[in-house]
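Q: Just passing along the structure, written as structure tokens.
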Amino acid sequence: MEDKIKNILTEYRPSGREDLISVLQLIQGTFDYIPEEAINVLSQEFSLPPSKIYSIATFYNQFRFTSKGKYHIKVCNGTACHIYGSEEILREIEKQLAIKPGQKTNDGMFSLEAAPCIGACSLSPVVRINSAYYKNTTAGEIKEVLQLYRNNEEQ
Amino acid sequence: MNNELASYNMVEHLLLSNSIELPGEVERKVKRLRRETVDLPVIYVGSGTCGQVAGAKETFAQIQKYLEENNQDAELVEVGCIGMCWAEPLVDIQLPGRPRISYQKVTPQKVTEILDATFNITYEPKYILGQFKNPIIEPWEKIPYIEDLPFYKNQKRIVLEDCGILNPVSIDEYMAHGGYKAMANTILYTTPAGIREEIIKSGLRGRGGGGFLTGEKWHVAADAEGEQKYLVCNADESDPGAFMDRALIEGNPHLLIEGIIIAAYAIGTSKCYVYIRSSYELAIKRLREAINECKEAGLLGHNILDSGFNIQIKLKNGAGAFVWGEETALINSLEGKRGIPRPKPPYPAQQGLFNKPTVVNNAETLANVPKILKKGVDWYTQIGTEKSPGTKIFALAGKINQPGLIEVPMGTSFRRIIDNIAGGMKNGGSFKAAQIGGPSGSCIAKENLDTKVDYESLAGIDAIMGSGGLVVADDNTCMVDLARFFMDFLQKSSCGKCIPCREGTRRMLEILESITRRPQDNNHSSLDRFKGIMQLEELGKVIEDTSLCGLGQTAPKPVLSALHHFREEFEEHIFDRKCRANVCRDLRSYYIDVEACTGCTICMEKCPEGAIIGTAHHPHFIVEDKCTGCGICYDVCKFDAVFLK
């Protein structure tokens with residue numbers, strides 16, 4: 001893993017601290033999350049203490065420190081979706097999967113995220129599972145969809 | 001198809017030469033790109049993010065399949081969002097010798113039907129939305145003009161003029177429509193000071209929320225000492241429910257680039273950054289492609305158009321945080337630090353990025369610049385109001401019939417926007433409130449509906465323009481819950497630097513949560529909760545007064561404005577433990593209709609709290625004190641006997 005991170009650095013050749021966030025984005029793009037090793041490697045590269053790197057990475061919503069599930073569920077919780085009841089949907093998913101936003105199911109199948117706004121406000125409420133969008137959806141529909149994913153996986 | 005005539009030839013004839021006569025080869029190409037008449041049928045698919053969520057990709061693939069299977073020749077073009085998000089996926093078709101027509105909600109199933117009609121040189125009336133006006137061609141009969149639809153008639157599209165019409169990643173098409181001409185004239189024939197004067201005269205104000213005069217900002221930076229200066233374009237809109245910049249970049253990235261080049265020239269800088277949210281994948285892709293096109297055509301880079309002016313645009317992907325409305329926080333983020341605001345003064349225009357003079361402009365502001373220069377200051381100042389000239393783009397969403405992206409002249413009333421453009425309230429609901437300016441904006445109530453949307457009138461009702469989110473709520477929306485939602489968002493977005501904002505927003509959230517929840521213990525009397533409201537007001541004022549940046553100074557606004565307009569709803573939550581919109585789950589009361597209940601016992605078995613009592617074959621009863629309002633009984637009842645009151 002460390003070699004991979006170093007490869008990213010040699011390829012990108014950061015010129016200074018202003019490139020730190022871009023490098024973190026590349027690392028997340030490769031690993032799907034920011035592994036602990038990356039914090040240490042970057043600490044050496046940028047001559048900053050690991051705590052500083054961690055403090056910067058945790059400040060931004062984009063960075064994750066655990067990997068995603070096989071199906072990553074993004075529930076839009078923008079204002080429009082909220083008015084259309086996105087919290088009910090989120091609660092249903094939490095209940096079905098027994099996880100909270102930012103967590104992953106034990107079998108690694110599903111991970112959940114409450115997104116600030118997906119940007120399809122005319123189709124609210126919107127839920128995205130990997131690359132599939134469920135628009136004008138309801139808690140009931142999402143419950144069935146989750147069951148479908150489960151069934152497909154068991155076969 | 002671009003092989004016949006390279007872009008730099010277009011640059012030479014369209015941008016550098018002042019003669020109206022074009023060589024035949026160029027003129028033919030320009031004519032073809034303007035698509036006033038076409039030789040082959042052209043099919044345009046609206047492929048902005050909203051279109052793609054609605055299924056534009058599948059529609060596009062289906063059209064491709066149809067063309068291949070039926071051996072039909074047609075040009076297939078992906079365009080940006082035309083603003084009618086409610087009618088997505090949109091497909092436009094232009095037949096030779098006929099004006100372009102628009103079809104709405106084209107799912108893959110409808111493709112065959114529509115294309116069958118198209119290749120029979122007719123149209124499919126069922127899904128038609130309208131036709132575009134074309135002065136040189138005979139119109140279709142019985143199809144309304146798009147620009148006469150209420151959705152468009154009340155708009156004035158300047159910045160969004162070409163969004164959804166042009167191919168966003170064709171520099172040639174943009175130039176054929178008169179693009180980059182304003183930029184060429186600026187850097188070849190005008191002084192930077194002259195351009196700044198022009199923009200000051202136009203009265204253009206920052207569209208990111210602050211409303212500062214753009215030309216003045218440029219002046220300060222241009223006059224500041226130092227060789228190195230920076231221009232930062234803020235395209236990282238982070239308001240939930242706002243997608244103006246994204247749609248603009250997806251639909252017409254060249255307009256933004258043209259604005260950036262002009263602004264950079266006016267300030268005297270060669271280094272520009274575009275800060276754009278990393279989740280805007282499509283916008284980033286199109287902007288990147290457009291920048292590459294410009295580089296190839298010689299419009300970006302060293303000594304552009306032989307003017308001696310150098311310019312470089314760098315894309316920076318934002319990692320997501322709401323505090324970017326505050327320019328100093330954005331600058332810190334660009335430097336690779338935590339996005340925490342800096343004290344002002346010194347202002348960024350004097351000491352910004354890497355301590356050099358920096359201008360931060362919103363994407364919409366910059367996109368206005370080429371249009372102003374192209375059509376003239378006099379034309380521009382006639383639009384809008386005297387103190388707020390021009391237009392404003394809004395992302396219209398919520399409980400309305402036609403949510404979408406609109407551009408209206410400043411001074412348009414809320415009523416006009418909601419009744420005429422948005423097509424009224426959804427399902428005949430009644431208007432309750434509208435939230436303008438995102439989470440840190442304020443809500444307006446029925447009595448403000450005739451207020452005009454411009455900087456001054458909004459300030460008059462203690463509201464702000466913000467960046468352009470406009471969400472409409474109806475009677476089924478609980479204002480206390482909405483205030484809690486915004487406070488939750490703002491509390492998470494607070495960077496943590498100033499204690500009043502960091503701790504204050506958290507306390508405000510806690511008070512709002514205790515109002516929307518059922519008290520866990522009996523010590524929490526209504527009077528205590530009412531005291532909470534008084535504290536909300538006091539706390540809100542302290543946060544406003546003592547926070548460093550715009551986020552903190554405006555954070556209490558949504559709560560205070562909701563409290564101002566809907567105080568009785570807050571009181572109802574506290575004293576009657578009742579949510580009139582039935583949104584606050586804890587406060588819902590379920591009842592069983594004794595007439596309809598058959599006594600099947602299923603609700604009693606499913607109730608997790610044991611709040612339902614009764615015997616088989618006799619009507620059941622819900623014990624109100626035990627009920628938590630989870631709604632399971634409502635969901636499981638097969639006889640519709642459980643109801644909300």
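Q: Restricting to helices (runs of 4 or more DSSP H) lying wholly in region A:79-155: which have 1 or more residues that are farther than 20 Å from residue B:473 by Cβ?
A: Values: elements: A:79-83, A:86-97, A:139-154.
Answer list for region A:79-155: A:86-97, A:139-154.
Q: Condition (residue is more than 16 Å from residue B:164 (Cβ to Cβ) and among the hydroxyl-bearing types (Ser, Thr, Tyr)) applied to region B:91-104: is it met by at least one residue?
A: So far as region B:91-104 goes, no, none of its residues is more than 16 Å from residue B:164 (Cβ to Cβ) and among the hydroxyl-bearing types (Ser, Thr, Tyr).
Q: Now for a different question. So which residues in region B:104-118 are touching a residue at least 24 places away in the same chain (Cβ under 8 Å) and either under 15 Å from residue B:64 (Cβ atoms) or exposed (fewer than 15 other Cβ atoms within 10 Å of the Cβ) (or both)?
A: Passing the criteria: B:106, B:107, B:108, B:111, B:112, B:115, B:118.
Q: When you scan region B:60-79, do you find a residue that is within 18 Å of the chain's Cα centre (by Cα) and either outside the structural domain of residue B:395 (by TED's automatic domain parsing) or at pLDDT 95 or above (or both), even just one?
A: Looking through region B:60-79, at least one residue is within 18 Å of the chain's Cα centre (by Cα) and either outside the structural domain of residue B:395 (by TED's automatic domain parsing) or at pLDDT 95 or above (or both).
Q: Hey, another quick one. Can you tell me which residue is farthest from the other protein chains (Cβ to nearest Cβ) among those in region A:96-137 that are β-branched (Val, Ile, Thr) and touching a residue at least 24 places away in the same chain (Cβ under 8 Å)?
A: Out of the qualifying residues, it is A:105.
Q: Ok, one more. For residue B:215, only one of the following conditions fails: (1) surrounded by fewer than 17 Cβ atoms within 10 Å (Cβ to Cβ); (2) touching a Lys or Arg at 6+ places or on another chain (Cβ under 9 Å). What is its number?
A: With respect to (1) surrounded by fewer than 17 Cβ atoms within 10 Å (Cβ to Cβ); (2) touching a Lys or Arg at 6+ places or on another chain (Cβ under 9 Å), residue B:215 is out only on (1).
For (1) in contact with a helix residue (DSSP H, G or I) (Cβ under 9 Å, 6 or more places away or on another chain); (2) under 22 Å from residue B:244 (Cα atoms); (3) modelled with pLDDT of 95 or more, each residue gets a yes or a no:
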{"site": "B:391", "(1), (2), (3)": "yes, yes, yes"}
{"site": "B:396", "(1), (2), (3)": "yes, yes, no"}
{"site": "B:409", "(1), (2), (3)": "no, yes, yes"}
{"site": "B:412", "(1), (2), (3)": "yes, yes, yes"}
{"site": "B:437", "(1), (2), (3)": "yes, yes, no"}
{"site": "B:460", "(1), (2), (3)": "no, no, no"}
{"site": "B:468", "(1), (2), (3)": "yes, yes, no"}
{"site": "B:471", "(1), (2), (3)": "yes, yes, no"}
{"site": "B:476", "(1), (2), (3)": "yes, no, no"}
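Q: Next question. Quick test for you: out of B:246, B:286, pick the one residue that is outside any strand (DSSP E or B), within 14 Å of another protein chain (Cβ to nearest Cβ) and basic (Lys, Arg).
A: Numbers: B:286 fails: within 14 Å of another protein chain (Cβ to nearest Cβ).
Residue meeting the stated conditions: B:246.
For (1) farther than 25 Å from residue B:367 by Cβ; (2) in contact (Cβ under 8 Å) with a residue 60 or more places away in the chain; (3) assigned by TED's automatic domain parsing to the domain that holds residue B:376, each residue gets a yes or a no:
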{"residue": "B:122", "(1), (2), (3)": "yes, no, no"}
{"residue": "B:138", "(1), (2), (3)": "yes, no, no"}
{"residue": "B:166", "(1), (2), (3)": "no, yes, no"}
{"residue": "B:178", "(1), (2), (3)": "no, yes, yes"}
{"residue": "B:189", "(1), (2), (3)": "no, no, yes"}
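Q: Do you know which residues across region B:596-637 are within 44 Å of the chain's Cα centre (by Cα), at pLDDT 85 or above and surrounded by fewer than 16 Cβ atoms within 10 Å (Cβ to Cβ)?
A: The one that is within 44 Å of the chain's Cα centre (by Cα), at pLDDT 85 or above and surrounded by fewer than 16 Cβ atoms within 10 Å (Cβ to Cβ): B:606.
Q: In addition: So which pairs qualify, if the first residue must be in region A:22-41 and assigned by TED's automatic domain parsing to the domain that holds residue A:10, the second must be among the acidic types (Asp, Glu), the Cβ gap must be under 7 Å, and the two must be at least 6 apart or on different chains?
A: Correct list of pairs: A:37/A:2; A:41/A:2.
Q: Within region A:9-40, how many residues turn out to be more than 21 Å from residue B:335 (Cβ to Cβ) and either of a type in the set (Val, Ile, Thr) or loosely packed, with under 14 Cβ neighbours inside 10 Å (or both)?
A: 6
The values are calculated or read from the model by the stated rules, or taken from the named source; none is laboratory data. Everything numeric here is computed off the predicted structure, so don't read it as measured data. Please note: Cβ atoms are built from the backbone with ideal geometry, for glycine as well, and neighbour counts cover all protein chains shown.
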